[in-house]
Amino acid sequence: MNDYLTIALPKGRLAEETVNLLDSRRIINKESINFKSRKLIFEDTKGKVRFLMIRNMDVPTYVEHGACDLGVVGKDILLELNPELYEFKDLGFGYCRLCVAAKRGGSNSYAHDMRVATKFVNITKDFFASRGVLVETVKLYGSIEIAPLLGLSDFIVDLVSTGETLKKNGLEEVETILESTARLVANKNLSKSKSERIKNIINVLDE
């Protein structure tokens, strides 16, 4: 199995879009992949590619430590974790924004020692420090929108696509920290043969 390329994919929409892209360029045959299955590993024996379906935050770890050769992950996560990886290509899909949001109708002014709920702790601290504000972060992994409503935080920093979830929960965007799309990343210790295969894949994707 050493001649297989192993690719870490984040479960959900990014995984499906990646597989569809690779299939459309005839790099793989997606018939071997069933996204409705509970399986976590799929193999395309003809293309000699193995896919791992994992949490998006775990993709850089699997690739950085050599469990996978390639991975697809959002730029937001790369900036948050700062892993030792090669970032080869912006795949152009999976667009979203990382935004500061607060309760609708509030003052929305920043102050020292305010609390910000987020799973992007490093980006959040760096962003507010660049504004000259020291904040306390409250790390949450889900349902971040309710934190200001219950007094757990003054602001949140979270990913936004359309903004509808914020509106439905009585929040409004204050400002955008960064924009993110899916990136193709690779382990820095690839063998020569796998490096050549990856170069060929990137060339096909660039055509």
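The values are calculated or read from the model by the stated rules, or taken from the named source; none is laboratory data. Please read all numbers here as calculations on a predicted model, not as lab measurements. Here the Cβ is made from the backbone with ideal geometry for all residues, glycine too, and neighbour counts use every protein chain on show. With ligands, DNA and RNA removed, areas are computed over all heavy atoms of the protein, side chains included. Shrake-Rupley method; radii C 1.70, N 1.55, O 1.52, S 1.80 Å.
Tabulated data
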item: Evaluation of residue 162 against (1) touching a residue at least 60 places away in the same chain (Cβ under 8 Å); (2) at negative phi (one fails), failing number; result: (1)
item: Residue in region 8-15 that is touching a Cys at 6+ places or on another chain (Cβ under 6 Å) and not polar (S, T, N, Q) present; result: yes
item: Close pairs (7 angstrom Cβ cut-off, 6 or more residues apart or separate chains): assigned to a strand (DSSP E or B) in region 69-82, among the hydroxyl-bearing types (Ser, Thr, Tyr) and open to solvent by 20 Å² or more (accessible area, probe 1.4 Å) anywhere; result: 71/62
item: Every residue from region 132-158 that is open to solvent by less than 60 Å² (accessible area, probe 1.4 Å), out of contact with any Phe, Trp or Tyr (no Cβ under 6 Å at 6 or more places or on another chain) and either of a type in the set (D, E, K, R) or not in a loop (DSSP other than H, G, I, E, B) (or both); result: 137, 138, 144, 145, 155, 156, 158
item: In region 27-68, the residues that are touching a residue at least 12 places away in the same chain (Cβ under 8 Å), more than 30 Å from residue 142 (Cβ to Cβ) and among the charged types (D, E, K, R); result: 43, 44, 46, 48
item: Whichever residue in region 148-202 is touching a helix residue (DSSP H, G or I) at 6+ places or on another chain (Cβ under 9 Å) and β-branched (Val, Ile, Thr) and, among such residues, is farthest from residue 125 (Cα to Cα); result: 201
